Amino acid sequence: MPLLRRKPFALAETPEDLKPDEPVYQIRFTKDILRDYHDYLKRLNLYRRRIWMCKVTGKTGLTYEEALVSEQHATEKVQQFPKELATIALRTIQYSMLPLKVLADSIGEKLQECLFVGAELHGKKDGGAHPCKILKVILKGVDTFCYVVAWLDKNKTIIEQAEVSAEDLVHKKPLFSRNILKSFIRESTYRNAPWVLHDELAKNHGISTDIPEELRGRFSYKDGLLICSKKRKNEESPEDTDNCKRKRLDGTQVDDSGHEKENGQHKDEAIKYPIDDLLVKLSPEDPVFTDRPSPSKDFNIPMSCVGNLLMVWDFLTSFGRLLYLSPYSLADFENAICHKDSNVVLLVESHAALLRLLIKDDDEYSLAVKNRKLKSKITMINWTEYLCYFLEMINIPELQHREATIKRGHYGLLDVSTKLEILGNLVNRALETAIFRGKLDEIIEERHALGATRREEALEDGKRRREEKERLKAESESNGYVDGHHLKGANILTNNNHSIQNGYTGEKKIIEISEQNDPLASSGMGHLIPASRKTRKMLDSELKELMETGKELSRKELPKQLKADKDPPEKNSKDQRKQYFEREMEKRFIRRSPLGKDRDHNRYWWFRRYGRIFIESCDSKEWGYYSSREEVDALMSSLNCKGERERALRKQLEKYYNKICSELQKRSKELMHRIIDESVLRRSTRVTAQPKMNPANAFLKYVNKLKEE
């Protein structure tokens, strides 16, 4: 049983008055049965937190399920402990006061000296140590043994047998690791300091349960368990506790047990946020949270189909280049799915792109197509035949009933849920192909390479900043005075308007070199090194070097040199590199994840190619969306950062806020232009102009520009 804060945790009790037909919620790995959904979520989230400890191995930072698996694996290893050695180890454990690590090491040393039948070790042979296995133990005399061993090869196959003495057998490595011995100790005992074996285990191995003499005054048995009989400090009489109370200068009453009291009431302990959202309670210090805006739900398709619609559309547009399919908007896809025509180009091209991928890579489907002797090219006329063969192959009864309708050429009469279910099965089948998996492996490698490059740049940038800081520090210490004189013609200004004393120039200084007094300034040499760090010797050496080489900087080159000196990889270039890495990561899409969840476990999705934020209910039955910047701002203002889920959601919204708002504004402008165009057409009655197509029918003009010829 996993431990919580190193103590056993009681599972939820099954309701007594449970009816056979009553709907309940059950947690899979604990079999907890709960009636209320919020109680179910609360307990499930508790089990999913990494606060659990494996009772056998002592590993911490696990979820409840991971701790259960760890206990199971550790118990299996402990059960493989040889019976010949178990008694020796248990005698060492009983009533030992050693720490766990020291006790495990002492048991390991004792077991290292034990030789038993079946032990695999090394024996001396032909001047070397060779692997062997003990087959038999022979008693030669008093405390004198010989061993019949089998010599083993690399595959642990018996080569020959021989009789050797104990001195010829060598352990090159411990019989058991320290972790296994620790697990064995924990599994065999019910308490530590001292370690006490389970009564049944001690009886089975003939180990005494009597308390040793040195522990009899400190420990005793009560109800079959060993307890400490020494009186603890906190078990004092009420009179002693009252006498220990004292008062602070501010009037706060404090007792020796550490509990503070104000006005006769206990002071509440400070809560460490964030915590589970359902446990968060509003306090007067909290900011004013706005009401969460109600999401729009004006979908053209049934609410239960929105999730499948988003999944299929996101896959087809994200991997369009692999499928040779031009991207299209979600609105066009939604309108095409609802259209009653059987040969909508957008849907035909989407089906054909997936079917072509299956013909290339899916052995089962490609074989079925070859047996039917169909044409290799999928067209607007024969695409339904390929689709029907696919439905026969996957053998889903609900979809097979629709084959007759599709074969008669009435695909458009299918309901929306059936169309999306067919596309969903095509997508799932495409995900299993070798072509798609190879593309995913390639994308993952590219993402890893980008991440490695970004880490290397960060390390180099940090190293460069440290070196620059050290160089500036060294120069600031040496450039206060040069040979005991100020720079000629230099005015040194400090923050506190004091002159330099003892070579100290203050935290910030500005050195201005006048062009009249210094000919080097007028020649443009001042741009090579920042003026605040120049000395006379440095300027003279630069001028001398240029005179020797005959090189001079022209006036046209000076601005470029100045820009190169002022703008190395600084903040602007860092931001550009960061944006570049983000763009490249977005191009290498693998899977879509929600932005986060709110306190009620509603999921929030954002698709970068569409100006909406979609909201999915916790049971995936209800969907909605936000389509304006004001709604996003109101959503962010309604999130309470004291909760774990809403804190993470707000963080993601802040991270992508600019991108989300730009997409929302872009879509709003498109809708506004459509409204203006329609109003202009309605007002211009005298001019005969060709009527524009209804935006809802824009999908009819779709052309697949990436289609394979």
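The values are calculated or read from the model by the stated rules, or taken from the named source; none is laboratory data. From a predicted model like this one, the values you see are computed outputs, not experimental measurements. Here the Cβ is made from the backbone with ideal geometry for all residues, glycine too, and neighbour counts use every protein chain on show. When the accessible area is computed, the model is the full protein with side chains, heavy atoms only, and any ligands, DNA or RNA have been set aside. Shrake-Rupley method; radii C 1.70, N 1.55, O 1.52, S 1.80 Å.
Structure notes:
- Meets criteria (in a helix (DSSP H, G or I), over 28 Å from GLY438 (Cβ atoms) and without any contact (Cβ under 8 Å) to a residue 40 or more places away in the chain) for GLU364: no
- Residue check for SER165: open to solvent by less than 40 Å² (accessible area, probe 1.4 Å), within 30 Å of ILE207 (Cα to Cα) and not basic (Lys, Arg): no
- With respect to being more than 30 Å from ARG49 (Cβ to Cβ), touching an Asp or Glu at 6+ places or on another chain (Cβ under 6 Å) and either at pLDDT 50 or above or surrounded by 11 or more Cβ atoms within 10 Å (Cβ to Cβ) (or both), CYS228 falls outside the description.
- Where strands (runs of 3 or more DSSP E) fall entirely within segment 147-223, those with at least 2 residues that are of a type in the set (D, E, K, R) and farther than 25 Å from LYS101 by Cα are at 158-165.
- Boolean, GLU646 is at pLDDT 90 or above and touching a helix residue (DSSP H, G or I) at 6+ places or on another chain (Cβ under 7 Å): yes
- Any hit, segment 274-290, residues being polar (S, T, N, Q), in a loop (DSSP other than H, G, I, E, B) and surrounded by fewer than 14 Cβ atoms within 10 Å (Cβ to Cβ): yes
- Residue tally, condition open to solvent by less than 50 Å² (accessible area, probe 1.4 Å) and either assigned to a helix (DSSP H, G or I) or not hydrophobic (A, V, I, L, M, F, W, C) (or both), over segment 83-121: 18
- LEU62 falls short on exactly one of the conditions (1) open to solvent by 60 Å² or more (accessible area, probe 1.4 Å); (2) of a type outside the set (Gly, Ala, Ser); (3) touching a Pro at 6+ places or on another chain (Cβ under 8 Å), and that condition is (1).
- Test result for ASN308, part of a helix (DSSP H, G or I) and under 28 Å from ALA434 (Cα atoms): yes
- Tally of residues being assigned to a loop (DSSP other than H, G, I, E, B) and under 19 Å from ILE180 (Cβ atoms) across segment 31-71: 7
- Residues that are open to solvent by 50 Å² or more (accessible area, probe 1.4 Å), among the aliphatic types (A, V, I, L, M), under 21 Å from TRP52 (Cβ atoms) and touching a strand residue (DSSP E or B) at 6+ places or on another chain (Cβ under 7 Å) within segment 1-38 comprise just one, MET1.
- Segment 379-401: number of residues that are in a loop (DSSP other than H, G, I, E, B) and under 42 Å from the mean Cα position of the chain (by Cα): 2
- Neighbours by Cβ (under 6 Å, 6+ apart or cross-chain): first from segment 281-293, of a type outside the set (Asp, Glu); second at pLDDT 90 or above: PHE289/SER638; THR290/ALA634; THR290/SER637; THR290/SER638; ARG292/SER638; PRO293/GLU631; PRO293/ALA634
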